[in-house]
Amino acid sequence: MDSLLNFLKNIHFLLIFIVLEVISLVSLIGQDVKRNSVFYTSANYIAGQIYDLTWRYVGYFYLREENAALMQQLSKIRSNSTTSYFLDTAKFHERIDTAGKLKYRYITASVVKNSVARQNNFLTLDAGSNKGITTDMGVVSASGAVGIVVAVSENYSLAISILNKKIGISAKLKNSNFYGSIIWTGENYRYAVLNEIPNHVELKQGDTVVTSGYSSIFPPEIPIATIESFEKNSEDNFYKINVRLLTDLKCLSNVFVIENLMQDEQLQLESLESKITE
Amino acid sequence: MDIRAYSKLFLTYLILVLLQIMVFNNINISALGITPLFYILFILVIPYEVPGWLQLIFAFILGYTIDIFVDTPGLNAASTVFMAFLRPHILRFISPRDGYENGTHPYLMEMGMSWFLNYSIPLVFAHHATYFMLDSFGFDHFFRTFMKIILTGIATEILIILSQYISYRKK
């Protein structure tokens, strides 16, 4: 017995080291993209308060880029407004009726925490369930899609960034409607790859890649990236496409969270799919 | 080790965590994304008298606090615990001939530049190597991970040495 106690005394340091490492590694490897509780994430109350305080000062550094993006967006809206049109009443015009049901609602939020340095990056937003945000909502900036909400607390929400190797965003080519998915490679924060585009499609450098609208998270036609380079792959029949992300994630400050008002309906219907095939 | 020394250590912990998440995590040099991990200074300045097992637990708490803030459960904790595990071995290896005197601290101004470099460089790089290899989950992209370890390690080491000059007060 004595020798056992002595033995334990001699190796207690190693034992505690191993126990703590195992706890760390298990929580690292078992890390699930969907969090059950926000307490152990940066969307908890204390972390949110501290990031808010930081953001009050750091936010100023990004105003220049932010203003440029907003001005661009504004000019697009202005040019589509009725005052920008010349009314030609002498001719016959066919009109498309725009009466319809609202499907997407945009909620504004600020990014209070962001990173681009790791392999799996997340964003924290300063709007939570109090503004009607729930999980599985898309996050877009003025220039393009940036992430998906995965956890929500009362005043904050946690979104998985497009710069995260664990998600792919369903995307299509704007010109030809061929769809694939955009996945980050973990290398440069401005670039990602577009997979699953078959070899016979014609591509050009600079082609825009937009959201496909198949996923019930993002509306269709939201720009994500432009094609930077591509090569045909001889092993399978798909291209290797490098795309340049339209949003500079390093200076992201204000975003929109998109609520799909018909998401439940779509998901409910799609859940029947597995039942029918059984 | 009295209660005063432990409360001083707790204050150091609070300051370093706040500095890391409010200041250093906003620094991002070059496209590689170099963010200095300055908070590990805490493990370097734990007094010699603190028992080894307690150092491991302190390191775990420190790492996990940072993990909560940056949403990487276990990544920082695993690296800080490994660093705290190595520390007693490094200390024994570079110990002065008569051992460590009572009342001295592992600070640059007390132990001298060459001792401090021998002490901090292996520990900082051990931490960074664990951190970036766990982050990229293995050895793929080996060159990029290697560059990140080296460059971030240099940035952290410079900040740690600067901090020694700034925070030291003569008794």
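The values are calculated or read from the model by the stated rules, or taken from the named source; none is laboratory data. All of these numbers come straight from a predicted model, not from anything done at the bench. Reconstructed Cβ throughout: ideal geometry from the backbone, glycine too, with neighbour counts over all protein chains shown.
A few comments on the model shown:
- Scanning segment B:112-119 for any residue that is of a type in the set (Ser, Thr, Tyr), surrounded by fewer than 17 Cβ atoms within 10 Å (Cβ to Cβ) and over 17 Å from the mean Cα position of the chain (by Cα) turns up at least one such residue.
- Residues that are part of a helix (DSSP H, G or I) and either modelled with pLDDT under 80 or more than 7 Å from chain B (Cβ to nearest Cβ) (or both) occur in segment A:29-36; there is at least one.
- Pairs where the first residue, in segment A:52-71, is more than 14 Å from chain B (Cβ to nearest Cβ) and under 10 Å from residue A:251 (Cα atoms) and the second is surrounded by 13 or more Cβ atoms within 10 Å (Cβ to Cβ) and acidic (Asp, Glu), C-beta under 8 Å, 6+ apart: A:65/A:248
- Number of the condition not met by residue A:118 [criteria: (1) assigned to a strand (DSSP E or B); (2) modelled with pLDDT under 90]: (1)
- The set of residues from segment A:149-169 being of a type in the set (S, T, N, Q) and crowded, with 19+ Cβ neighbours inside 10 Å comprises A:153, A:157, A:161, A:164.
- Those residues of segment A:167-188 which are touching a Gly at 6+ places or on another chain (Cβ under 7 Å) and of a type in the set (A, V, I, L, M), in sequence order: A:171, A:182, A:183
- Number of the condition not met by residue B:85 [criteria: (1) out of contact with any helix residue (DSSP H, G or I) (no Cβ under 6 Å at 6 or more places or on another chain); (2) surrounded by 16 or more Cβ atoms within 10 Å (Cβ to Cβ)]: (1)
- Qualifying residue in segment A:16-24 (condition: closer than 25 Å to residue A:157 by Cβ, of a type outside the set (Ser, Thr, Tyr) and either at pLDDT below 85 or surrounded by 13 or more Cβ atoms within 10 Å (Cβ to Cβ) (or both)): no
- Filter pass, residue B:80 being polar (S, T, N, Q), crowded, with 24+ Cβ neighbours inside 10 Å and more than 13 Å from the chain's Cα centre (by Cα): no
- Boolean, residue B:136 is free of Cβ contacts under 8 Å to residues at least 24 places away in the same chain and away from every other protein chain (no Cβ under 14 Å): no
Residue-wise test of (1) touching a residue at least 40 places away in the same chain (Cβ under 8 Å); (2) more than 14 Å from chain A (Cβ to nearest Cβ).
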site	(1), (2)
B:51	no, no
B:56	no, no
B:76	yes, no
B:82	yes, no
B:87	yes, no
B:111	no, yes
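- Against the criterion of being hydroxyl-bearing (Ser, Thr, Tyr) and more than 14 Å from chain B (Cβ to nearest Cβ), residue A:143 qualifies.
- Failed condition for residue B:62, given (1) surrounded by 23 or more Cβ atoms within 10 Å (Cβ to Cβ); (2) facing another protein chain (nearest Cβ under 8 Å): (2)
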